[in-house]
Amino acid sequence: MDEQIVINNSLMKMNELYEKLLDEVDVGIHVINEKGKTIIYNKKMMEIESMTGEDVLDKNLLDVFMFDKSQNSTLVKALKTGKTTKNVKQTYFNNKGKEITTVNNSFPIIKDGEITGAIEMAKDVTHLERVIKENVLRKQNTKFTFEDIIGQSDLMESVIEESKRATRTPSSVLIVGETGTGKELFAQSIHNGSSRSGAPFISQNCAAIPDNLMEGLLFGTKKGAFTGAIDRPGLFEQADGGTLLLDEINSLDPALQAKLLRVIQEKSIRRVGDMKDKHVDVRILATLNEDPLEAVTNNRLRKDLYYRLSVVTLFVPPLRDRKEDILLLGQSFINKYNALFNMDVKGVDEDVIQLLQQHDWPGNVRELEHTIEGIMNLIMGEEIITLQNLPVRFRKRYQANEAPSSQSEQLPLAAMSESEQGTKTLQDKVAEVEKFYIQQILAENNHNISRSAKILGISRQSLQYRLKKFNL
């Protein structure tokens, strides 16, 4: 009796260990019996298919999942034919209609010469497939040119001119600017103004993809490199002959930054799991949403990659530094949403212009567009946007205050009135103090860059970056 208890306890522990292993492995496992009903369905498979155990266990697989007429379940195929399939990509739908794409290894369970069930091991590639589809769509809709960039301020005209000059060569370009300033607009314009305009333009946000997927996405994969890997070209191969935009390059893992540097220097890529290099002719454009020197200092951007990418560096100014463009941009967005919403708004009145000019637009051009879109969703029949049409946050914040004088932008923080300081974000206030102090030190040293940098306690290169940033 005691021996039986020991055996039972041992079996219970083995079952617990077995269940733990099933739920910890990074691959989906689905097992059906001879009747096609699910008997094992692990945690990873639930995540891949967005289902629960109750949705699937002890139910016929074909009653739960839906397959296209052109594609049968590889798991059911293994049960019915006794054949093993490996590295087969399959797209199907769960009981909520969600599309799922996996790469499967499916094989039968055979006992005493009879098929008693089937096992499927699945790797999720749904996210990767969606990214690739989005990139193909982007490639087909690269529509922006320099004529689409709106701005008549000196700062914008200067950046546009520099960008146009950059269309003549295949050199790398680093586009620096805050979120919402329109960096991809410049990237597409450079591509469409270059000799590569007829070739692919592919854009990838480096912050949008997990590190474990990014290498395969960029450089491609070789069949058999890892479980579920199939022969697939990466973004470099897809962009061959054209342009690859790497958005938010500072979000890319440092190890991948090193591999990216090698690709740029040697003009060749090696797919994950492959032994051969392949030549690629791709122009690299990259964007950065922070001070590049700070990104390097804080180890978010490799110094050697920064120097390689910044052959040409463009600084897209924030909207608060080119407020003379606000009315022009606002009118273009009004025209856009007139067409989309079938409306006939003519423009904005003088009081609204004043309030729009007072706002510092931390979200930049994107924030301005969303503000106009929001206003036009709420107005009813008006042809002119008035104060009453503005979001409450604008009216409450600015109506009680006078517009800041043009001189205040040249004064240090300490010289501003409390009301003037109250309309600035911390970032803006720090930038104003920094700009004023740099101007002061430069003036005291007859604009000698090296001497001024030494007094400021920064490198000459760092000072030159700030001179360009503040348009000094």
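Since every read-out is calculated from the coordinates, none of them should be taken as a lab result. What you see is a predicted model, and the numbers here were worked out from it, not measured in a lab. Glycine also receives a Cβ, built like all others from the backbone with ideal geometry; neighbour counts cover every protein chain displayed.
The charge dipole of the chain, taken about the Cα centre with unit charges on the Cβ atoms of Lys, Arg (+1) and Asp, Glu (-1), comes to about 1740 debye, rounded to the nearest 20. Fraction of C-alpha pairs exceeding 28 angstrom in the chain: 66 percent, rounded to a whole number.
Here the spin labels are modelled as points 7 Å beyond Cα on the Cα-Cβ line, and at Glu324 and Phe93 they lie 5.6 nm apart. Relative to the current alpha-carbon distance between Glu114 and Glu54, full extension at 0.36 nm per residue lengthens the span by 18.7 nm.
Within 10 Å of each residue's Cβ, count the other Cβ atoms and sort Met46, Met380, Met14 from fewest upward. Mind showing how you got there, number by number?
Details: Met46 17, Met380 6, Met14 10.
In order of increasing Cβ crowding within 10 Å: Met380, Met14, Met46.
With 30 Å as the limit on Cα-Cα distance, the pairs of Lys59/Lys98; Lys83/Lys223; Lys98/Lys278; Lys278/Lys469; Lys123/Lys278 that go past it are Lys98/Lys278; Lys278/Lys469.
Taken about its Cα centre, the stretch 324-398 carries a charge dipole of roughly 300 debye when the Cβ of each Lys and Arg holds +1 and the Cβ of each Asp and Glu holds -1.
The base-10 log of I(q)/I(0) for the stretch 2-124, evaluated at q = 0.09 Å⁻¹, reads -0.27 [Debye formula, identical scatterers on Cα atoms, solvent excluded].
What 222 nm value per residue comes from the helices of the chain, counting each DSSP H run with n ≥ 4 as -39,500 (n - 2.57) and dividing by all residues, nearest 500 deg cm²/dmol?
Numbers: 21 runs with 211 residues, N = 472.
Only helices count here, giving -13000 deg cm²/dmol.
By the count of other C-beta atoms within 10 Å, a proxy for reagent exposure, Ile455, Ile375 are ordered fewest to most as Ile455, Ile375. Full extension of the chain between Lys143 and His370 yields a length gain of 79.6 nm, computed as 0.36 nm times the residue separation minus the alpha carbon distance. In this rough spin-label picture, where each label sits 7 Å from Cα along the Cβ direction, the Asp68-Arg460 distance is 6.1 nm. Residues of the stretch 168-184 with an amide N closer than 20 Å to a point placed 7 Å from the Cα of Val430 along the Cα-to-Cβ direction: 176-181. Could you list the GluC sites (Glu not before Pro) in the stretch 285-342 that lie in coil according to DSSP, counting only those with at most 14 other Cβ atoms within 10 Å of their Cβ? Taking the stretch 285-342 and a limit of 14 other Cβ atoms within 10 Å, no loop GluC sites (Glu not before Pro) are found.
Available extension along the chain between Ala255 and Asp26 is 80.2 nm, counting 0.36 nm per residue and deducting the alpha carbon span.
Neighbour counts of other Cβ atoms within 10 Å put Leu244, Leu21 in the fewest-to-most order Leu21, Leu244.
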